[in-house]
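Following: one structure in structure tokens, then a few remarks.
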Amino acid sequence: KARHFSYSVGKQTITYFILKSSDGVIRAAFDACDVCWPAGKGYYQEGDYMVCRNCGRRFASVLVNEVKGGCNPAPLNRAMNGDQVVIQVKDILEGKRYFNFS
């Protein structure tokens with residue numbers, strides 16, 4: 001199951017999710033995309049797909065963090081350290097533009 005997380009910087013909150021795809025790879029993406037981010041709705045998981053809450057498009061788990069652009073979940077850099085997922089704060093901050101609703 002995808003797990004959603006948030007990171008706050010000032011008055012802005014950046015949200016992202018991490019999931020283990022059907023091929024066993026741990027993947028991470030911002031809870032936003034290049035197209036629908038202004039709606040601020042993000043994604044939810046339905047079976048092996050992440051579904052955009054704004055437009056309804058479905059994205060196979062094996063494509064998360066691989067395909068970027070359009071309505072695909074915006075990739076978030078991650079690394080594995082043993083069984084732990086490591087995401088650098090600088091990489092989270094790269095997604096700030098997707099959560100600027102002012």
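What follows is calculated from the coordinates using simple rules that are stated; it is not laboratory data. All values derive from a computational prediction rather than experimental measurement. We place every Cβ from the backbone using ideal geometry, glycine too, and count neighbours over all the protein chains shown.
The table for this structure:
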item: The chain, dipole about Cα centre (Lys/Arg Cβ +1, Asp/Glu Cβ -1), debye to the nearest 20; result: 280 debye
item: Label-to-label distance, nm, for residues given as Asn77 and Val62 (7 Å Cα→Cβ offset); result: 2.7 nm
item: Net length gained if the chain between Glu46 and Ser6 were fully extended (0.36 nm per residue, minus Cα distance); result: 12.3 nm
item: Whole-Hz ³J(HN,Hα) from phi, Karplus 6.51 cos²θ - 1.76 cosθ + 1.60, for the stretch 74-90, glycine and proline x; result: 5, x, 10, 4, 8, 9, 10, 10, x, 9, 9, 8, 10, 10, 6, 4, 4
item: Shape call, the stretch 1-41: gyration tensor on alpha carbons, a/c limit 1.5; result: oblate
item: Rounded if a/c under 1.5, otherwise prolate or oblate - the stretch 22-102, Cα gyration tensor axes; result: oblate
item: Lysines whose Cα lies under 29 Å from that of Lys20, excluding same-chain neighbours fewer than 8 positions away; result: Lys1, Lys41, Lys68, Lys90, Lys96
item: Magnitude of the charge dipole, the stretch 45-98, Cβ model with Lys/Arg +1 and Asp/Glu -1, debye to 20; result: 320 debye
item: Full-extension gain in nm, Val25 to Lys96, via 0.36 nm per residue minus C-alpha separation; result: 23.0 nm
